[in-house]
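J.: Mind looking over this structure? Questions follow.
Coordinate-derived values only; no laboratory data. Being a predicted model, the structure only gives us computed values, none of them experimental. Cβ placement follows ideal geometry from the backbone for every residue including glycine, while neighbour counts extend to all protein chains displayed.
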Amino acid sequence: MTVGFYFDEHMRRAAERGLRDRGYTVVMAVDIEMIGKDDDTEHLPYATRQGLIMVTFDRPFAGRTVSRSDHGGLICLSETIRDDIGAIIRVLTAFAEGKSADDVQGQVFWLK
């Protein structure tokens, strides 16, 4: 199964559009009324139920998630690319091309 993405509320719309233009499924928290929800008990479980890998810049959350395996995968992007939409798209596209949904289950990936 192909990797799809769930963007938390801090991800940029332009990155979502760029990935959609390349054929990827992307769900944004802002589009499904998940603003202000808890990462551990709401965002991550939602992404898992939808078969999506969660994408965030939230390093503390990603650090906590390393000890868990009950999720569909988490990507923590480096702050160094936060404002570089092209880099975000390139990093996530390269990741998706090399992984399947089964490959990412219960894992945290630190990408830059």
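J.: Could you pull out every residue, at least 5 positions away or on a different chain, whose amide H is within less than 5 Å of the one on Met28? Hs are placed 1.01 Å off N in the peptide plane, and Pro or chain starts have none.
T.: HN-HN under 5 Å from Met28: Phe7.
J.: Residue separation times 0.36 nm, minus the C-alpha to C-alpha distance between Val30 and Arg82: what's the value?
T.: Full extension of this stretch gives 17.0 nm more.
J.: Charges on Cβ only, +1 for Lys and Arg, -1 for Asp and Glu, centred on the Cα centroid of the range 5-111; of Ile75, Gln105, Ile89, which one is farthest towards the dipole's positive end?
T.: Of the options given, the answer is Ile89.
J.: Now for a separate question. Summing Lys, Arg as +1 and Asp, Glu as -1, what charge do residues with Cβ under 13 Å from the Cβ of Val26 carry, Val26 excluded?
T.: Cβ neighbours under 13 Å give a net charge of +1.
J.: Compute the separation of the alpha-carbon centres of the range 34-82 and the range 1-30 and state it in Å as a whole number.
T.: Centre-to-centre distance over Cα atoms comes out at 13 Å.
J.: Please report the equivalent ellipsoid semi-axes of the chain, computed as sqrt(5 x eigenvalue) of the Cα gyration tensor, largest first, in whole Å.
T.: Those come to 18, 16, 14 Å.
J.: Then there is this: Only counting other Cβ atoms within 10 Å, I'd like Ile53, Ile81 sorted with the fewest neighbours first. Write down the numbers at each step before the final one.
T.: Values: Ile53 25, Ile81 18.
Sorted ascending by nearby Cβ count, the order is Ile81, Ile53.
J.: May I pose another question? What is the magnitude of the charge dipole of the range 1-81 about its Cα centre, with +1 placed on the Cβ of each Lys and Arg, -1 on the Cβ of each Asp and Glu, and no other charges, expressed in debye to the nearest 20?
T.: It works out to roughly 300 debye.
J.: Separation between the Lys37 and Asp70 pseudo-spin-labels, each 7 Å from Cα along Cα→Cβ, expressed in nm?
T.: Result for the modelled spin labels: 1.7 nm.
J.: What list do you get for Ser78, Ser67 if you sort them by fewest beta carbons within 10 Å?
T.: Ser67, Ser78
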